[in-house]
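Working notes, structure below.
The values are calculated or read from the model by the stated rules, or taken from the named source; none is laboratory data. All figures in this text were calculated on a predicted structure; none of them were measured in a lab. With ideal geometry, Cβ positions are generated from the backbone for all residues, glycine too; neighbour counts draw on all protein chains shown.
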Amino acid sequence: MASMRDIKRRRSSIQSTGQITKAMKLVSTVKLQKARGKAEQNAPYSESMYRTVQSILERSAGVRHPYLQGGASKRKAVIVLSSNRGLAGGYNSNVVKLITRGELAGQDLDIYAVGKKGREGLQRAGYRIRLDSSEFVEEPTYADAAALGREVLSSFVQGEVGEIWLAYTYFKNTVVHEPRLIRLLPVETDGGDDGEKKREGLPMNFDAQEEQVLEMLVPTYITSLIYGALLESSASENGARMQAMDSATDNAEEMIEDLTLLYNRARQGSITQELTEIIAGAQAIS
C-alpha cells in the first residue's frame with residue numbers, strides 16, 4: 001500500500017487538475033454560447049444562398065463554365081477546419097479521419113489548413129499543406145472566409161486543382177457534432193425529375209451574360225459556405241471541449257473520493273499500529 005504522504009501528494013495534484021478542468025469547462029461554456037449564437041444567426045443566410053445558387057444553376061441548362069465543369073487537374077484542394085488547441089475530445093481527430101480514411105483517402109490533395117491540430121495531423125500522414133490559415137480559428141470573420149475563398153479559387157481557375165472540398169464539423173447541438181466533407185467546386189446541381197421540372201417550369205433570365213453572373217455569384221457562394229463552416233466548427237469545438245472538461249472534472253472528483261478513502265484507511269491502519277505498539281510496550285514494562 002502507498003504511504004500516506006504519497007496518497008496525499010497525489011490527491012493534491014488531482015485536486016489542482018480538477019480545478020483547471022472546471023475552469024476550462026466554464027470558459028468553454030461561455031465561448032460556446034457566443035459561437036452558437038453566431039452560427040444560428042448565419043444559418044438562414046447560408047441556406048438561402050445555397051438554395052438560390054442551386055435554383056439558378058438548375059434553370060440554366062447548357063451553361064459551360066469552369067465553376068460548373070471542373071478543371072483538368074487530378075489534384076483536389078481541401079479546406080480543413082480544426083482547432084489550434086487540444087483537450088476537445090475527438091473533435092480534431094474526427095476531421096483528420098475524414099481526409100485520411102474517407103472519400104478522398106489516397107488521392108492527390110492540397111490541404112488548406114485552418115487550425116494547427118488538423119495541419120499537424122495531416123502533415124504526419126504525409127499530406128501536402130498548401131496554406132496554413134490557423135489564425136482564422138479564434139475569431140472567424142466573413143473577411144477571413146473571403147480571403148481563404150480567393151486563395152482556393154485562384155488555384156482552381158489557374159488549373160492547379162480540379163476540385164475544391166471542405167472538411168468541417170457541423171454543430172447539431174451541445175452533445176452532437178457531425179464531421180462533414182462536401183464538394184464546393186465544381187458546383188453540383190440536383191439532378192433527377194425535380195431538377196427537370198424546375199428547368200421546364202420557369203426559365204432563368206439574365207440581364208448580363210450567364211458567365212458574368214456566375215463569375216460574381218459563385219465566389220460569394222463559396223465564401224458564404226466557408227464562413228458558415230467556420231462558425232459551425234467554432235461552436236462544435238467549444239461544445240466538444242466543454243464536454244471533455246466536464247468528463248475530466250467528474251473523473252477527478254471520483255479519483256479524489258477514492259484517494260480520500262484510501263488515505264483514511266492508511267491513516268486508520270497507522271493509528272492502529274501505533275496503539276498496538278504502545279500497548280505491547282506497556283505490557284512489556286509491566
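If you go through the range 1-59 and pick out every residue that is farther than 30 Å from Gln268 by Cβ and in contact (Cβ under 8 Å) with a residue 24 or more places away in the chain, you end up with 25. Being at pLDDT 75 or above, surrounded by fewer than 17 Cβ atoms within 10 Å (Cβ to Cβ) and not hydroxyl-bearing (Ser, Thr, Tyr) is the filter here; which residues of the range 39-75 pass it? Answer for the range 39-75, where residues must be at pLDDT 75 or above, surrounded by fewer than 17 Cβ atoms within 10 Å (Cβ to Cβ) and not hydroxyl-bearing (Ser, Thr, Tyr): Glu40, Gln41, Ala43, Pro44, Glu47, Arg51, Ala72, Lys74. Of the residues making up the range 258-269, just one is of a type in the set (S, T, N, Q) and surrounded by fewer than 12 Cβ atoms within 10 Å (Cβ to Cβ), namely Gln268. Does Ala248 satisfy being out of contact with any Cys (no Cβ under 7 Å at 6 or more places or on another chain), under 30 Å from Met49 (Cα atoms), at pLDDT 85 or above and part of a helix (DSSP H, G or I)? Answer is no for this residue. Can you name the condition, by its number, that Glu151 falls short on among (1) without any contact (Cβ under 8 Å) to a residue 40 or more places away in the chain; (2) farther than 18 Å from Arg119 by Cα; (3) more than 18 Å from the chain's Cα centre (by Cα)? Only one criterion in (1) without any contact (Cβ under 8 Å) to a residue 40 or more places away in the chain; (2) farther than 18 Å from Arg119 by Cα; (3) more than 18 Å from the chain's Cα centre (by Cα) is unmet by Glu151, namely (2).
Residue-wise test of (1) in contact with a helix residue (DSSP H, G or I) (Cβ under 9 Å, 6 or more places away or on another chain); (2) in a loop (DSSP other than H, G, I, E, B).
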{"position": "Ser83", "(1), (2)": "yes, yes"}
{"position": "Ala88", "(1), (2)": "yes, yes"}
{"position": "Ser93", "(1), (2)": "yes, no"}
{"position": "Leu98", "(1), (2)": "no, no"}
{"position": "Gly102", "(1), (2)": "no, yes"}
{"position": "Arg119", "(1), (2)": "yes, no"}
{"position": "Ile129", "(1), (2)": "yes, no"}
{"position": "Val152", "(1), (2)": "yes, no"}
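Within the range 270-286, the set of residues being free of Cβ contacts under 8 Å to residues at least 60 places away in the same chain and either surrounded by 12 or more Cβ atoms within 10 Å (Cβ to Cβ) or not small (Gly, Ala, Ser) (or both) comprises Ile271, Thr272, Gln273, Glu274, Leu275, Thr276, Glu277, Ile278, Ile279, Gln283, Ile285.
Evaluate the following for Arg85: is it basic (Lys, Arg), within 17 Å of Leu184 (Cβ to Cβ) and surrounded by fewer than 19 Cβ atoms within 10 Å (Cβ to Cβ)? No. Return a yes/no flag: does the range 260-269 have any residue that is closer than 30 Å to Asn173 by Cα, touching a residue at least 60 places away in the same chain (Cβ under 8 Å), assigned to a helix (DSSP H, G or I) and among the hydrophobic types (A, V, I, L, M, F, W, C). No, the conditions are met nowhere in the range 260-269.
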